[in-house]
Amino acid sequence: MLLQAILFAAVAALAFVYFKVRGTAPFLDFPGPPRHWFWQNARQVTKVLHARHDWWRAISKEYGNIVYYRSLGINILNVSDPEILDQVFKNYTIFPSRALKNPFVRVLPLGLVAMETSDRWSRHRRLLSPLFAEKFMEVYATVFIASGERLFKQWHETPRGTKINIYEAFIRLTLDIIGLTGFGYNFAALDNPDSRYVHAGQEILDEIVRLNLLPKPIAALDRAKKDKLRDGMKAFEDVVDDVVKANRAGGNDEDETSKNMLSELLRMQDEEGKLTREEVHDEIITLMIAGHETTANTMSWAIFQLARNPSVQAKLRQEIETVLEGRPPKYEDRKNLPYTEWVIKESLRMYPTLPIIPREAMADTEIRGKLVPKGTWVQADLVSMHSDPKIWGDPETFRPERFDESNPDNNRHPAAFMPFGGGRRICIGQRFAFLEATLVLARAIQQFEFRMDPDQQVTGYTDISYGPKIGLLVDVIPIQPKAE
Ligand code: HEM
């Protein structure tokens, strides 16, 4: 009797895992990599964990701009066709929300990133949008510039010949910036080489990905990963909790320069009143996680390409010299630096720092006349679309001029370049990110020359974002005296 019970339990457990891993949804009729009878494509994905960007590119090259694969019971269509993506991102009935796996949602606070598209999301989006309006950007700009100066002072003081880890430096810089602009808190990551916040940030991103690549029942049991994630998250939550509770984010109407996102959110209200303290807390944590690593990656990739392409770097420096004439940049300068903007766009094209943007089908639908069942994830594969030679001609070349809109040769489908996503759920922080990258890069290029051996290997690393996280060591040579 006992043996039968054990056998029954074992078979039931195996069946449970089988259906959870393999899934029960019908297969899709699109080309894609061969599937294992049990694992489907899950093992291929986990094998290339931090090099998933290369895998997406490889399957698109081999199977075309709509590729089907299946991982952990989920049908995934990997799409790099701008026209189809445009339709998907605008079809709010079938594809209302980003597809998010449960462990991710449960761990991330319920702010804009993790919320399904709903009345609640609309309200939060409406209340948060003014934080990214022009009048606040001007205030944030002063923080971008002042924080940049702290970093550049350190670079000036670094002994000649020492290579600088640019990614590390920009992570610290953007963390300090989001702390100050987000809630008036100085993480002091730039001044503290052992900052626990820097490590906590990386742990959060790594563990979210690992949990997401496990089948749900196994992820639910993986205490060690979850604890690590919670510890990382807690480091940030404690700080934000403190500031929210004490309501001491500063900021007041009389003193424009003291404004930050938290002080504004605590004040803002609509016909339903204010957001609760918990809601404000969750939104601030969300902005902090969404808003610093992405920009650090973008600026790092830009420096990587500029260091390898001295002629582009010289052209950029010329624009900055002409406009700034040696003085530090100001908020108003952003409009007069088109080449700087193209450099940032070209970096985001070659290295979309959020490489995949998934949407989940809420009902059966069709793509290219073929059934796409409810529950399918249609993911915008930006890595492949942004490197498609049919769209870009010479995608491997770092050529900022391709973003010069006055040149008719640069005419292409508007959705062919979508580093910030599209439709209603488009990135709320894109102006913030652009301004930050523009002002920091302008000042960096004005003061330093960046050099790198073109054969030096830098490894792109994808957790949630895609960054030059290993080996970005650059010669940073002062060309302008240190600012006092
Ligand atoms: C270069 C830097 C950045 C990149 C490449 C980037 C990219 C993205 C992408 C692709 C999405 C998803 C869009 C979609 O699903 O259609 C997104 C969403 C979001 N981003 Fe960004 N982002 C960046 C910087 C920022 C910054 C600086 C902030 C805030 C300070 C921010 C806050 C958010 C938020 C809150 C969402 C969720 C919006 C919603 O669903 O309503 N991002 N971002």
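Does Ala314 fit the bill of being small (Gly, Ala, Ser) and either outside any helix (DSSP H, G or I) or within 16 Å of the ligand (Cβ to nearest atom) (or both)?
Judged against the criteria, Ala314 is not a match.
Ile177 is checked against (1) without any contact (Cβ under 8 Å) to a residue 24 or more places away in the chain; (2) not in a loop (DSSP other than H, G, I, E, B) and fails just one. What number does that condition carry?
Condition (1) is where Ile177 drops out.
Name the one entry in Tyr167, Tyr140 that is within 20 Å of the chain's Cα centre (by Cα), closer than 16 Å to Asp475 by Cβ, part of a helix (DSSP H, G or I) and within 15 Å of the ligand (Cβ to nearest atom).
Checking each option against the conditions leaves just Tyr167.
Among the strands (runs of 3 or more DSSP E) lying completely within the range 402-484, list those that include at least 3 residues that are away from the ligand (no atom under 16 Å from the Cβ) and touching a helix residue (DSSP H, G or I) at 6+ places or on another chain (Cβ under 6 Å).
Passing ranges, in order: 473-478.
Yes/no per residue for (1) aliphatic (A, V, I, L, M); (2) touching a residue at least 24 places away in the same chain (Cβ under 8 Å):
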position: Thr294; (1), (2): no, yes
position: Gln305; (1), (2): no, yes
position: Ser311; (1), (2): no, no
position: Leu316; (1), (2): yes, yes
position: Glu319; (1), (2): no, no
position: Arg327; (1), (2): no, no
position: Leu348; (1), (2): yes, yes
position: Tyr351; (1), (2): no, yes
position: Glu360; (1), (2): no, yes
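Test Leu382 against the criterion of being under 23 Å from Gly326 (Cα atoms) and either surrounded by fewer than 21 Cβ atoms within 10 Å (Cβ to Cβ) or within 17 Å of the chain's Cα centre (by Cα) (or both), and give yes or no.
Against the criterion (under 23 Å from Gly326 (Cα atoms) and either surrounded by fewer than 21 Cβ atoms within 10 Å (Cβ to Cβ) or within 17 Å of the chain's Cα centre (by Cα) (or both)), Leu382 does not qualify.
Between a residue in the range 380-401 that is closer than 23 Å to Lys90 by Cα and touching a residue at least 24 places away in the same chain (Cβ under 8 Å) and any residue that is assigned to a loop (DSSP other than H, G, I, E, B) and basic (Lys, Arg), which pairs come within a Cβ distance under 8 Å, given they are 6 or more apart or on different chains?
As it stands, the answer is Ile391/Arg412, since those pairs meet every condition given.
Can you say whether Leu348 is modelled with pLDDT of 95 or more, within 12 Å of the ligand (Cβ to nearest atom) and buried (at least 19 other Cβ atoms within 10 Å of the Cβ), as far as the supplied structure shows?
Yes, satisfied.
Six or more apart or on different chains, Cβ atoms under 9 Å: show the pairs whose first residue is in the range 413-430 and in contact (Cβ under 8 Å) with a residue 40 or more places away in the chain and over 18 Å from Trp121 (Cα atoms) and whose second is of a type in the set (Val, Ile, Thr) and near the ligand (Cβ under 6 Å from one of its atoms).
Met418/Ile357; Met418/Ile426; Pro419/Thr298; Pro419/Thr353
From the list Val79, Val113, exactly one residue is within 12 Å of the ligand (Cβ to nearest atom) and either in contact with a Pro (Cβ under 6 Å, 6 or more places away or on another chain) or aliphatic (A, V, I, L, M) (or both). Which is it?
Being within 12 Å of the ligand (Cβ to nearest atom) and either in contact with a Pro (Cβ under 6 Å, 6 or more places away or on another chain) or aliphatic (A, V, I, L, M) (or both) holds for just one of Val79, Val113, which is Val113.
Out of Ser97, Ser71, Ser122, which single residue is under 28 Å from Glu203 (Cα atoms) and within 12 Å of the ligand (Cβ to nearest atom)?
After ruling out the rest, the residue left standing is Ser97.
Among (1) surrounded by fewer than 17 Cβ atoms within 10 Å (Cβ to Cβ); (2) away from the ligand (no atom under 16 Å from the Cβ), there is one condition Thr376 misses while meeting the rest; what is its number?
Result: Thr376 passes all but (1).
For the range 235-247, which positions are exposed (fewer than 14 other Cβ atoms within 10 Å of the Cβ) and either assigned to a loop (DSSP other than H, G, I, E, B) or at pLDDT 80 or above (or both)?
Residues satisfying the conditions are Asp238, Asn247.
Taking the condition of being surrounded by 15 or more Cβ atoms within 10 Å (Cβ to Cβ) and either of a type in the set (A, V, I, L, M) or away from the ligand (no atom under 12 Å from the Cβ) (or both), how many residues in the range 125-137 meet it?
Going through the range 125-137 one residue at a time, the tally reaches 4.
Name, by its number, the condition in (1) in contact with a helix residue (DSSP H, G or I) (Cβ under 7 Å, 6 or more places away or on another chain); (2) not in a helix (DSSP H, G or I) that does not hold for His124.
(2)
Testing Leu173 on (1) surrounded by 18 or more Cβ atoms within 10 Å (Cβ to Cβ); (2) more than 24 Å from Tyr466 (Cβ to Cβ); (3) at pLDDT 95 or above; (4) of a type outside the set (Phe, Trp, Tyr), one condition comes back false. Which one is that?
(2)
Just give me the residues in the range 301-311 being within 12 Å of Ile344 (Cα to Cα) and either polar (S, T, N, Q) or outside any helix (DSSP H, G or I) (or both), in sequence order.
Gln305 - this is the single residue of the range 301-311 that is within 12 Å of Ile344 (Cα to Cα) and either polar (S, T, N, Q) or outside any helix (DSSP H, G or I) (or both).
Is at least one residue of the range 364-371 of a type in the set (A, V, I, L, M, F, W, C), crowded, with 19+ Cβ neighbours inside 10 Å and over 24 Å from Tyr68 (Cα atoms)?
no
Being closer than 24 Å to Ile177 by Cβ, in contact with a strand residue (DSSP E or B) (Cβ under 8 Å, 6 or more places away or on another chain), charged (D, E, K, R) and within 16 Å of the ligand (Cβ to nearest atom) narrows it down to one of Glu293, Glu264, so name that one.
Glu293
Looking at the range 99-112, is at least one residue in contact with a strand residue (DSSP E or B) (Cβ under 7 Å, 6 or more places away or on another chain), touching a residue at least 24 places away in the same chain (Cβ under 8 Å) and outside any loop (DSSP other than H, G, I, E, B)?
no
The values are calculated or read from the model by the stated rules, or taken from the named source; none is laboratory data. Predicted, not measured: the structure shown is a model, and the values here were computed from it. Note: ideal-geometry Cβ built from the backbone for every residue, glycine included; neighbour counts use all protein chains shown.
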